[in-house]
Amino acid sequence: MKTIIYYFTGTGNSLAAAKKIAGALGDCDIVPVASFADTPGPVASGANRVGLVCPVYFSGLPAMAASFAERLDLTAADYVFSVVTHGGGGGAAALRQLDGILREKAGKGLDAGFAVSMPGNYILMYASPAGEKRDQLLDAADTELDRIAGRIGQAERVNLPNSPVARIVRALMYPRFLSHVHENDRKFTVSEACTSCGTCAAVCPAGNIDIVGGRPVWNHRCELCCGCIHLCPAEAIQAGSRTEKRQRYRHPDLEIEDMENQREQRTPERAGAP
Ligand SMILES: Cc1cc2nc3c(=O)[nH]c(=O)nc-3n(C[C@H](O)[C@H](O)[C@H](O)COP(=O)(O)O)c2cc1C
């Protein structure tokens, strides 16, 4: 059975999760959601099994993932699943948001949805877990992802988790997040530590950063993935003084290059093919 997994990622948790599931399933392509951002219209994969893996933002979907879901043509899909990665909560509400979008736009909802706890990366609010705590979280996530991959492999129907608390949090916070998400980059600054390497522009899934005179310039199409802040090799990007002291995070199984060029249209990366 052919599978395609679409992913959105800032710091690699969701990409690492997508890769792990793809490796376990075999005959699975992994494609970044951002690679469709510059081409309008429906997205038809032709795969029997279709998945979306992305982070939870304010108990909902990243704006780009939500817009992408609206464009998914699931005519050929027999089985549709999602895995959302989060730093502590809100997965149930994000999955239900996705299910609602798919039902309305594609006429077919999620057959299975899973929320996996991974290190939180919202550096504007808190420091990501580090050291042993980070490793424990990632070990637990790996175990959970193995289990999830097995269930997806069996095309198991899995009821979506339900959380009234997450629903309330989402109702309170998500609309506000969406209303000004693209403007969040107005808080971003770059210090003298910048080496003009261009990593920030390369990893931005929103294609929101130009390098002008050797320095990043943000163009107010930000998704708030925080990739530019976390992945800058010189730690030169800040969002106010609070981020100065906070340790940067990247999923340890991935290199910075794995997050680069997500917007490029591409031949899908094949995982597990013979
Ligand atoms: C803007 C923003 C909002 C977030 N909101 C939530 C949230 O509501 N609940 C939660 O548990 N984690 C939240 N997180 C943490 C991420 O969901 C989590 O770290 C995720 O695994 C990151 O995935 P990535 O590495 O693929 O970008 C948020 C992160 C960001 C950047």
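Taking every DSSP bridge with both residues inside region 3-152, close to 5 percent are antiparallel. Charge tally around Gly90: other residues with Cβ under 11 Å, Lys/Arg +1 each, Asp/Glu -1 each, net +3. For the residue pairs Lys19/Lys108; Lys19/Lys187; Lys20/Lys108, the C-alpha atoms sit more than 30 angstrom apart in Lys19/Lys187. What do you get for the angle between helix 91-106 and the principal long axis of the chain? Use alpha-carbon atoms, 0 to 90 degrees, nearest ten. That works out to roughly 60 degrees.
Computed per residue of the chain from DSSP H runs no shorter than four, each worth -39500 (n - 2.57), the mean residue ellipticity at 222 nm is -10500 deg cm²/dmol.
Evaluated with a Cβ-only charge set (Lys, Arg +1; Asp, Glu -1), region 181-258 carries a dipole of roughly 360 debye about its Cα centre, given to the nearest 20. Taking Cβ separations below 4.7 Å as the criterion for a possible disulfide partner, the isolated cysteines in the chain are Cys28, Cys54, Cys194, Cys197, Cys204, Cys222, Cys225, Cys226, Cys232. Scalar couplings 3J(HN,Hα) for region 107-116, obtained by applying the Karplus form with A = 6.51, B = -1.76, C = 1.60 to θ = phi - 60°, are x, 8, x, 6, 7, 7, x, 9, 10, 10 Hz; x denotes Gly and Pro.
Kirkwood's formula applied to the C-alpha pairs of the chain gives a hydrodynamic radius of 18.8 angstrom.
Each Lys or Arg adds one and each Asp or Glu takes one away; over the other residues whose Cβ falls under 14 Å from the Cβ of Leu110, this sums to +2. Amide H contacts for Thr85 (H built 1.01 Å from N in the peptide plane; partners 5 or more residues away or on another chain; cut-off under 5 Å): Cys54, Val56, Val116. Amide H contacts of Val31: Ile5, Tyr6, Tyr7, each under 5 Å away and 5 or more positions distant or on a separate chain (H built 1.01 Å from N in the peptide plane; Pro and chain starts excluded).
Sorting 85-95, 50-60 by average packing, meaning the other beta carbons within 10 Å per residue, from highest down gives 50-60, 85-95.
The angle between the Cα long axis of helix 13-25 and the main principal axis of the chain comes to about 30°, on a 0 to 90 degree scale. In terms of packing, defined here as the mean over residues of other Cβ atoms within 10 angstrom, the peptides 24-30, 134-140 line up highest first as 24-30, 134-140.
Measuring how big region 181-258 is from its alpha-carbon positions, Rg and Dmax come out at 11.5, 33 Å.
Just so you know, all these numbers are worked out from the coordinates, no wet-lab data involved. Everything quoted here is computed from the prediction, not taken from an experiment. FYI the Cβ positions are ideal-geometry reconstructions off the backbone, even for glycines, and counts take in every protein chain you see.
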